[in-house]
Amino acid sequence: MESRTIYNGPYYRYDMNLLDRTIETCTSAAQKHNCRLFYAIKANNESPITTRIRKQGIGVDCVTHGEINYALRQGWNTSEIVFAGSGKTIREIDYALRNNIGVIHCECPEEFEIIQSLKTSLESDTSIALRINPDVKVDTHEKISTGEKHHKFGMSVNEAKALITNFPTEIVGLHFHVGSQITDLSYFEDLSLTVRGIIEKLPTGYELSYLNLGGGLGIDYTNPLRNSIADFEGWMRALRTYLPESVIDTIFLEPGRSIVAQCGQLVGEVQYIKHRKTNPTAILDVGMTELMRPALYEARHKVTANKDELIEQRYTISGPTCESSDTFGAGHSLPELERGDLITIHSAGAYGSSMRLNYNLRESIPSEYIESQVKTYLKRKVA
Ligand SMILES: Cc1ncc(COP(=O)(O)O)c(C=O)c1O
């Protein structure tokens with residue numbers, strides 16, 4: 001781990017070369033499989049990160065007025081924005097339509113009525129697609145699974161068919177997003193088959209011109225250094241299994257986590273070691289307020305320390321706030337820790353800073369954007 005001479009408190013550290021390589025791998029796969037990308041900005045909205053993503057020609061997936069407004073200020077064109085969101089307010093819909101954003105993903109028949117009447121009165125160019133809840137199960141944490149019928153997202157296939165029957169020319173197509181952190185690619189093959197079945201049963205004569213299959217590609221939280229780039233090629237290949245170009249020309253996708261998770265780390269410092277003999281627990285100066293995933297859904301992140309020692313022991317690593325759930329979990333194998341050691345929490349680039357809390361009035365922490373050592377190493381090798 002790279003350590004700064006003076007530690008000024010916790011920070012997020014981003015490896016910008018890794019981000020570049022990740023974007024490059026993703027855009028190459030998208031080109032090969034004729035997919036168009038819209039970055040899910042909820043995963044990370046830090047400007048140096050989103051700027052690199054935007055500059056590679058990737059559009060943006062927003063879920064609130066705030067995200068659309070931010071995306072426009074960041075320089076995305078209105079046509080490069082898609083707008084999802086399970087509970088859009090009239091104000092948000094109005095804002096999206098007035099700005100003629102590319103596509104709005106409608107979640108239920110009541111919302112369709114609102115969108116359609118506002119769209120007509122504003123003479124907006126925004127297209128409307130329907131988000132379908134296909135009732136499929138995927139292997140991920142229940143709290144980041146979204147495509148089963150007990151989940152709040154989307155409308156049923158029958159509701160979508162009824163809307164398409166009544167308003168065939170006003171609906172450009174369909175949107176799906178069945179969950180996040182999906183690492184078993186066979187679930188994307190299953191999704192492809194399910195979507196194919198739905199498309200084949202749409203009202204006769206309906207021309208589907210837009211198909212968005214959301215995000216959801218998982219990353220390797222266990223071995224982030226060995227597996228630093230997600231399997232974009234495998235993801236898109238799996239989605240194309242039953243949806244080849246002969247069935248649908250372009251597939252729209254909304255990757256979030258897979259683009260930004262691995263380039264980000266959270267760096268903090270050991271403040272105290274408690275219960276050294278029974279259950280050694282290192283209390284850090286960072287925790288759930290900077291990375292809420294472990295507290296929210298028991299997510300496990302790899303934790304390393306800035307020292308190399310052959311003998312390691314198991315630690316519980318916890319944050320400083322007044323919650324027992326403020327912990328990165330038990331059983332982290334680390335060299336003997338002491339006050340002042342620097343700790344790295346890996347894979348913190350997605351749903352880290354964008355989900356930060358000011359609980360306990362914790363101050364927000366800075367970010368450092370580093371051009372990684374890989375580049376330096378390659379340069380040295382060439383020289
Ligand atoms: C509609 C939609 N699209 C895309 C994403 C991004 O998912 P991921 O970060 O898993 O790629 C999400 C995440 O919640 C989502 O709700």
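The values are calculated or read from the model by the stated rules, or taken from the named source; none is laboratory data. Being a predicted model, the structure only gives us computed values, none of them experimental. Neighbour counts are summed over all protein chains in view; Cβ atoms, including those assigned to glycine, are modelled from backbone coordinates with ideal geometry.
Yes/no matrix, rows are residues, columns are (1) surrounded by fewer than 22 Cβ atoms within 10 Å (Cβ to Cβ); (2) out of contact with any helix residue (DSSP H, G or I) (no Cβ under 9 Å at 6 or more places or on another chain):
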{"position": "LEU19", "(1), (2)": "no, no"}
{"position": "GLU24", "(1), (2)": "yes, yes"}
{"position": "LYS32", "(1), (2)": "yes, no"}
{"position": "TYR39", "(1), (2)": "no, no"}
{"position": "ASN44", "(1), (2)": "no, no"}
{"position": "ILE49", "(1), (2)": "no, no"}
{"position": "ARG52", "(1), (2)": "yes, no"}
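For the range 66-124, the tally of residues that are within 28 Å of HIS150 (Cβ to Cβ) and not small (Gly, Ala, Ser) stands at 22. Of all residues in the range 277-316, count the ones that are surrounded by 13 or more Cβ atoms within 10 Å (Cβ to Cβ) and outside any strand (DSSP E or B). Here the count works out to 20. Might you check whether a residue that is closer than 26 Å to ILE345 by Cβ, touching a strand residue (DSSP E or B) at 6+ places or on another chain (Cβ under 6 Å) and not assigned by TED's automatic domain parsing to the domain that holds LEU253 occurs anywhere in the range 30-48? No, the conditions are met nowhere in the range 30-48.
For every residue, the table says whether it meets (1) modelled with pLDDT under 95; (2) away from the ligand (no atom under 16 Å from the Cβ); (3) over 21 Å from GLY102 (Cβ atoms); (4) more than 16 Å from the chain's Cα centre (by Cα).
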position: VAL172; (1), (2), (3), (4): no, yes, no, yes
position: GLY179; (1), (2), (3), (4): yes, no, yes, no
position: LEU211; (1), (2), (3), (4): no, no, no, yes
position: GLY216; (1), (2), (3), (4): no, no, no, no
position: ILE259; (1), (2), (3), (4): no, no, no, no
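Restricting attention to the range 321-365, the residues being within 14 Å of MET288 (Cα to Cα), touching a residue at least 60 places away in the same chain (Cβ under 8 Å) and surrounded by fewer than 20 Cβ atoms within 10 Å (Cβ to Cβ) number 9. Entry remark, the range 330-352: residues being under 20 Å from LEU225 (Cα atoms) and either in a loop (DSSP other than H, G, I, E, B) or among the basic types (Lys, Arg) (or both) number 8 in total.
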